[in-house]
Amino acid sequence: MADYLTLDYYLECVGDIETALAHFCSEQSTAQWKRVDYDEDFRPKYGAKVIDLVIEGELPDLSYPVTHFETGPVHACRVTIAHPHRNFGPKLPNLISAVCGEGAFFTPGVPVVKLLDVGFPEPYLNAFEGPKFGIDGIRELLNAYDRPIFFGVVKPNIGLSPEHFAEIATESWLGGLDIAKDDEMLADVTWSTLEERSHVLGDARRRAEKETGEPKVYLANVTDEVDRLIEQHDIAVRNGANALLVNALPVGLSAVRMLARHTKVPLIGHFPFIASFSRMEKFGIHSKVMTKLQRLAGLDSIIMPGFGSRMMTPEEEVRENIRECLQDFGHIRRSLPVPGGSDSALTLETVYRKVGSVDFGFVPGRGIFGHPMGPRAGAASIRQAWNAIEKGIPLERYAEGHEELKAMTDGSYDKK
């Protein structure tokens, strides 16, 4: 199967299942197998084909009201397709066009489609560079081993001048934060240009490093039009940003791959746009597919919806996305998973236990910058919570001797 990608789909087929699946394979590959009056058949070399089928049962109707013209019984199916990657090559836009495009989602007899997973053979993976730094590179940059990496989203996320932003970020670094980051909504704007903000934050980062004796990271958001990404990278890095944030799906995975090849610092992806096609259980694309593709495109770290009701993501789906960052993927380096959403010192142990290792990023926003004693105390409370975990001491008991953590556990922090 070295010449094929494997594609796992959930499908709801209307009418004859075999006919629907024949259309499904044809539409995403050869489209039609011969021309009139020509003795040819390209299917053996270029055609997608079904290699596994499980019919889960007959349904009373489609799970979603999709307009279609076929008639007959509706069956829920799990299908594995083998698709020749010679049809598109190691090009992410072409790959996505084939497996998530018109052929897959507009097939006669298959109105409901969800792409659940993609399997890549080694020859295909070998054409990709993947992350330039990965988990090990990020740890080396921060000299941070045997613990999670502590991020913080500077809040308020919109409206702060570069100077005020730097003041707040500095306080968090001094309190023990590893990485102070731009919000995914804050990029190059007139009231806080990337040029000015990265310069001010670069200087602030270096001062914080000198004062603490520890490496720190300013994570600058370079999300922009594709033709400006390289320029934005160069501006931010020149001015002192030592990691970059990009909203991976809005700019496109091909743009991420271009930026990953160019970058001189770790590249970290955020998740806008993903939920819009992954949240429905039986339609769209599973979020772990996009996590896998982001790793393939070269992201050193991937921020994703985390645990808890705030992010509206099933716990097992979060775990699957974390596994996609950490599991073996040929020569492709591991990406640091960063499951986030309404976290604080109070949730750190829960996230740690659910991830199952220290190889994750922890990314509070209000949990640091909304701390009742300020962002320095907010960052300190995170480090204190980790110390309690390492020592095996219950959080409430450890907080008795640590006022920053105490302020979180005694109810003075508004968790809403």
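We did not get these values from a lab; they are worked out from the coordinates using the rules stated. Computed from a prediction, not measured in an experiment: that's the story for all the values here. Cβ atoms come from the backbone with ideal geometry, glycine included; neighbour counts cover every protein chain shown.
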Might you report the magnitude of the Cβ-based charge dipole of the chain about its Cα centre, with Lys and Arg at +1 and Asp and Glu at -1, to the nearest 20 debye? 820
Quick one: length gained pulling Ala31 to Leu59 fully straight, 0.36 nm per residue minus the C-alpha distance? 7.3 nm
Given unit charges at Cβ for Lys, Arg (+) and Asp, Glu (-), the dipole magnitude of segment 1-58 about its Cα centre in debye, nearest 20, is 300
Highest-first arrangement of 272-284, 163-175, where packing means the average Cβ count within 10 Å: 163-175, 272-284
Can you compute the label reach from Arg397? Point 7 Å from Cα along the Cβ direction, backbone N cut-off under 18 Å, restricted to segment 310-349. 349
R0 of 30 Å, Cβ-Cβ distance Asp136-Asp227: FRET efficiency to nearest 0.05: 0.40
Counting sequence-distant residues (5 or more places) and residues on other chains, those with an amide H built under 5 Å from that of Asp117 are Asp8
Across segment 180-192, in residue order, what do the Karplus-derived ³J(HN,Hα) couplings come to in whole Hz, using 6.51 cos²θ - 1.76 cosθ + 1.60 with θ = phi - 60° and x for Gly and Pro? 9, 10, 5, 5, 5, 7, 9, 10, 9, 10, 4, 8, 7
Counting only C-alpha contacts under 8 Å and six or more residues apart, can you give the relative contact order of segment 4-125 as a whole percent? 46
Please give the charge dipole size of segment 93-234, origin at the Cα centre, charges +1 on K and R Cβ atoms and -1 on D and E Cβ atoms. Round to the nearest 20 debye. 380
For segment 134-409, with the dipole built from +1 on Lys and Arg beta-carbon atoms and -1 on Asp and Glu ones, taken about the Cα centre, which of Leu194, Gly378, Pro305 lies farthest toward the positive end? Pro305
Ordering of 35-48, 92-105, 234-247 by burial proxy (mean other Cβ atoms within 10 Å per residue, highest first): 234-247, 92-105, 35-48
Labelled set [x] 1.51; [y] 1.04; [z] 1.10; Cα Rg over 2.2 N^0.38 Å computed from this model equals the value at [z]
What percent does the relative contact order of the chain come to when contacts are Cα pairs within less than 8 Å and at least six residues apart? 16
Order the peptides 200-210, 285-295 from the highest to the lowest mean number of other Cβ atoms within 10 Å of their residues. 285-295, 200-210
Cβ-defined net charge surrounding Lys406, 13 Å radius [Lys, Arg +1; Asp, Glu -1]: -4
Set Lys and Arg Cβ to +1 and Asp and Glu Cβ to -1, take the dipole of segment 1-154 about its Cα centre, and tell me which of Phe106, Gly89, Gly119 lies farthest positive. Gly89
Going by amide H atoms built from the backbone, whose H comes under 5 Å of the H on Gly308, apart from near neighbours? none
